[in-house]
Structures are given as structure tokens and as C-alpha cells.
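First the structure, in the form of C-alpha cells, and then the observations on it.
Bear in mind these aren't lab numbers, they're just calculated from the coordinates by the rules spelled out. Please read all numbers here as calculations on a predicted model, not as lab measurements. Here Cβ is always computed from backbone atoms with ideal geometry, including for glycine, and neighbour counts include all displayed protein chains.
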Amino acid sequence: MSDVFHEVEEELRRDKATEFLKRHGSKLLGVALAIVLGVGGWRLYESYMFKERAADGAAFESALADLNAGKPEGATALTALAAKKSGAYPALARLRLASDLAAKAKDDASRADAVSAYDAIAADAALPAELRDFAKLRAAYVLVDHAPYADIEKRLMPLADKDGAYRHSAREGIALAAYRAGQFDKALDALQAIILDTDAPAGLRQRAELLLAVVRSGPVGKTN
């Protein structure tokens, strides 16, 4: 008797399954197809991005080689790569172009161009925070010997936070700008923060100790 009930139960299950497939089979097929297409599309996208990153990397290395060889094609290639905006290598290309502007800056106008290039990178929310902070640091260092202390402090103080990746260099920039402006107390504070930070690189701590001795000895020459 139990076998009969079991067969009836199995038959009912088959009937229900058949009815369910009749009602919802097309929906299930659509969902399955969407999953397959989604996975396939994502793999195609990953493949495309890998090839694009590889091409960008090769273009970046080639452009640097041309720059080091003094070929003008290097700057042209970097400019073209930087115009793509998104991706690691376009960001590195933008940084290198800004660095070249800074290295060649000889007056206020050329320094402003370099700072503007760095500021554009720093303001790009699509880039990693650490890279943007690096651009902020470099922009401040372009100005450290030329801009008023308040401008340098405004740029570097957020980077001098105790957990900041570039806090050591930011503090050094603040100290240099403060000493130049005759604000020795602020220079001392920044230098002591470097010296007391056990994570500060040894070379930078040594520079801080030397500059600290200079600051304590008083002003040298004209200050602003």
C-alpha cells in the first residue's frame, strides 16, 4: 500500500512541476540567459580592460624612454595618454607632465601652470586618495619658496595629520615655509613633530634635526 501512495505522490509532484514550468518556464529561461550573458559580458569587459591597461603601460614606458632620450615625441605621447583621464597610467602621465612643468618653472606664470596641473589631479575624485594627496604635496612644494606662508600652511596642514601618508614631507614643507617667513615657532613645532615621529624616515629626521638647529640659532638674512 505504501508503494501506491508513493507512486501517487511522485505523480502529483511531476504534475506540479510540469504546471510550474508551463507557467514560469519562459521567465526562468530569461533569468538563466541574463546570468549567462552577464558573466560572459563581465569576462569580455575584464579582457578588454586588461588589454587596455597593458597598452597604456607600454605607451607610458615608451613615452618615458623618449623623454629620457630628449625626444619631443615623449611629451606628445604622455599628453595623449593623460587625455584618457581614467586608469592608473593616464594618472601617472598627468603627474609626470606636471612634474616636468614644475622642473622647468622659472617665474610666477610657469609656477602657476605647474601648480594648476597638480591641483587638477588633486581635485579629480576618480583618482585614489593617496595619489591626490601626493599631487597636493607636490603643488605646495612648487610654491614653498615663493608663496606666502599662509598659502603653504593651508595646502599642507591637512596632509600633516598624524595618520597622513605624506605627513613627514608635509611637516618639512611647513617648517621650510615658516622659517622663510620668520615664523620660527611654527617651524619648530613642525620639525619637532618630525623628530618625535618614530615612523619618520631616518634621512628626513636628520634633515629636521639640522634645520631645527638652524631655526634655534635665529634668522639668517632677510625674512618675509
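Numerical summary
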quantity	calculated
Some residue of region 206-214 being within 20 Å of Asp108 (Cβ to Cβ), free of Cβ contacts under 8 Å to residues at least 60 places away in the same chain and part of a helix (DSSP H, G or I)	no
Lone qualifier among Leu159, Leu131 - being surrounded by fewer than 21 Cβ atoms within 10 Å (Cβ to Cβ) and aliphatic (A, V, I, L, M)	Leu131
Region 115-135, residues that are assigned to a helix (DSSP H, G or I) and among the charged types (D, E, K, R)	Asp119, Glu130, Arg132, Asp133
Exclusive hit being in a helix (DSSP H, G or I) and within 21 Å of Asp56 (Cα to Cα), set Arg111, Arg138, Arg96, Arg155	Arg96
Pairs, first surrounded by fewer than 15 Cβ atoms within 10 Å (Cβ to Cβ) in region 53-71, second part of a loop (DSSP other than H, G, I, E, B), C-beta under 8 Å, six or more apart	Arg53/Gly87
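One line per residue, one yes/no per condition, for (1) farther than 19 Å from Ala117 by Cβ; (2) crowded, with 20+ Cβ neighbours inside 10 Å; (3) in contact (Cβ under 8 Å) with a residue 12 or more places away in the chain:
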site: Ala135; (1), (2), (3): no, yes, yes
site: Ala139; (1), (2), (3): no, yes, yes
site: Val142; (1), (2), (3): no, yes, yes
site: Ala165; (1), (2), (3): yes, no, yes
site: Glu172; (1), (2), (3): yes, yes, yes
